[in-house]
1. In the list A:Ile175, A:Ile192, A:Ile215, A:Ile169, which residue meets the criterion of being within 30 Å of B:Val145 (Cβ to Cβ), β-branched (Val, Ile, Thr) and out of contact with any strand residue (DSSP E or B) (no Cβ under 7 Å at 6 or more places or on another chain)?
2. If you go through the range A:219-249 one residue at a time, how many are closer than 28 Å to B:Asn133 by Cα and either more than 8 Å from every other protein chain (Cβ to nearest Cβ) or free of Cβ contacts under 8 Å to residues at least 12 places away in the same chain (or both)?
3. All but one of (1) farther than 30 Å from B:Pro128 by Cα; (2) under 23 Å from the mean Cα position of the chain (by Cα) hold for B:Asn212; which doesn't?
4. Which condition from (1) modelled with pLDDT of 95 or more; (2) farther than 19 Å from A:Lys9 by Cβ is the one that A:Leu116 breaks?
5. Can B:Leu312 be described as more than 20 Å from B:Arg191 (Cα to Cα) and of a type outside the set (Ser, Thr, Tyr)?
6. Regarding the range B:149-158, can at least one residue be identified that is without any contact (Cβ under 8 Å) to a residue 12 or more places away in the chain and within 13 Å of another protein chain (Cβ to nearest Cβ)?
7. Of the residues that sit in the range A:175-211 and are closer than 28 Å to B:Ala134 by Cβ and facing chain B (nearest Cβ under 10 Å), which one is most open to solvent (accessible area, probe 1.4 Å)?
8. Are there any pairs with C-beta distances below 7 angstrom linking a residue in the range A:129-148 that is within 16 Å of B:Arg180 (Cβ to Cβ) to a residue that is of a type in the set (Lys, Arg) and assigned to a helix (DSSP H, G or I), with the two at least 6 apart or on different chains, and if so which?
Amino acid sequence: MEKILVGLKRVVDYNVRVRVKSDGSGVETDGVKMSINPFDEIALEEALRMKERGEVNEVVVISIGSSESQQQLRTGLAMGADRAILVETNDALDPLGVARIFKALVDRENAELVLLGKQSIDGDNNQMGQMLAAIWDRPQATFASRIELNGNTARVTREVDAGLETNEIDLPAVITVDLRLNEPRYVKLPDIMKAKKKPLDIVPATDLGIDAGPIVREISYEPPARRERGIMVDDVAGLVAALKDKGLI
Amino acid sequence: MSKVLVIAEHDGIELNPSTAKVVSCAAGIPGAEVDVAVFASSASEIASQAADIQSVARVLTIEREENSHLLAATLAPQIVALSDGYSHVFGPSTTFGKDLMPRVAALLGVNQISDIMTVLGSHSFKRPVYAGNAVLTVEALPLQVVVATVRTASYTAAAGGNSAPISETQVNVDLPTHTRFIDIQSGASDRPDLQTASRVVSGGRALGSSENFDIIYKLADKLGAGVGASRAAVDAGYVPNEMQVGQTGKIIAPDLYIAIGISGAIQHLTGIKDAGTIVAINKDEEAPIFEVADIGLAGDLFSIVPELTDAL
């Protein structure tokens, strides 16, 4: 296979305790650590392993967003991607708009496989990969925990509620990855230096001439309802009594 | 008036309880008429289960050989064809619905509302973002079809006792063959299904091995409970992935949840915050799980759990 595209989204780091802004307009992002969406990192790791096994020649990482997303693309290049493309926009995009932009890049790059995280940990939408597959009119294999490439097809084991489902899909296709597919590598300092010399193209979103489509309006953010701390019991007898008290046993 | 098409989830034999929860959500849309679509190779048994759900106006069956396994790539074009005349198309936010519904939405040229937890109006909803650390109110554009998944843990299943009419429906669209079902492997067990059990017992990394998980199973069997696990326990290989409870696993809302040897990472808490009563058993008195537990017991799980099993 010639080329895999991997999406890397810049998101609030998963270790940050997210807080809703007091005016309800969003969550606090000032001075907050930003990282590659963890699921996207797993997608990139898988693409790099495919390249190392000689199954693919080139791994291209793509981000869509503000110019700050270059940081995440540089990290992707340091992990081992060959080149990067930033589709630059400051507009809020919904998954359908992102999928449409991605489709334009798929066409331009003649991609045979797109690897994506199953969802981003900010919006938690879990939509973009499926939408890209739909408008590309190609197969999708979501929640992948194992991917095996066999020429023009791929066998993908998917983590579904009932267990592990295996599908066979024709390529080109979109595969979205789940947590247990692999453990992403750590980036070493020399790789960071090398990554600075790798190509990173910046394409203004307006150049692609895409109608980003309808937007779901965000009205307001609020903190979730909190559960109150309950009681502590001293021993099993106390626990059994408390459960009986609540009519649970 | 709103007309909602609910896509039934099933395994070819039985209707998944998620469907009755989606109907509950759909029926909360003011003035909604709710139809359920059953795609299957043989639909009659599943359709009669769907017809039993209160608030269902009609059940549509779409029988095709291609529907013997419910794949997003083959279902989506059929749903698009069937959605004509509907204002809303809803599915559950189970892996089935998460896989399928965005494909439907994109073919219809709209965004999807993911994980509806509250209906505020026909086009206005609340949904969780940032792993449940924030709740976002969203509004879909007025004149467009609303495609959505419903966070099943936020809804109780609509009651039975209805007998909605069932009509066979033809959907004449060409279906792709580029995606093929090979097999499914599940750790089949006789225990109650994790997602619908009224009681769930979960174990964490503190169990230390898959053999040690035995005490969790014994307690669960005594209670007639389903068995879950934290992500740490799944990642450590103690139990299979389908047992994972949390943001990246199953989001559940049992009446009683017993967390054993689980510290209470935010991603786990997101999966249980709608549980009726949370019981936590953990060695570390400072573990975050105790901040949300209704009943906490600090101590050695290897002595507490067998003692509790005997005491019940």
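The values are calculated or read from the model by the stated rules, or taken from the named source; none is laboratory data. Computed from a predicted model, the values in this text were never measured in an experiment. All Cβ positions, even for glycine, are placed from backbone atoms using ideal geometry, and neighbour counts span all protein chains on display. Remember, those area values only see protein heavy atoms, side chains included, never the ligands or the DNA or RNA. Shrake-Rupley method; radii C 1.70, N 1.55, O 1.52, S 1.80 Å.
1. Only one candidate passes the filter, namely A:Ile215.
2. 10
3. (2)
4. Of the numbered conditions (1) modelled with pLDDT of 95 or more; (2) farther than 19 Å from A:Lys9 by Cβ, the odd one out for A:Leu116 is (2).
5. No, not satisfied.
6. No, the conditions are met nowhere in the range B:149-158.
7. Top of the filtered list is A:Arg180.
8. Qualifying pairs under 7 Å: A:Ala133/B:Arg103; A:Gln140/B:Arg103.
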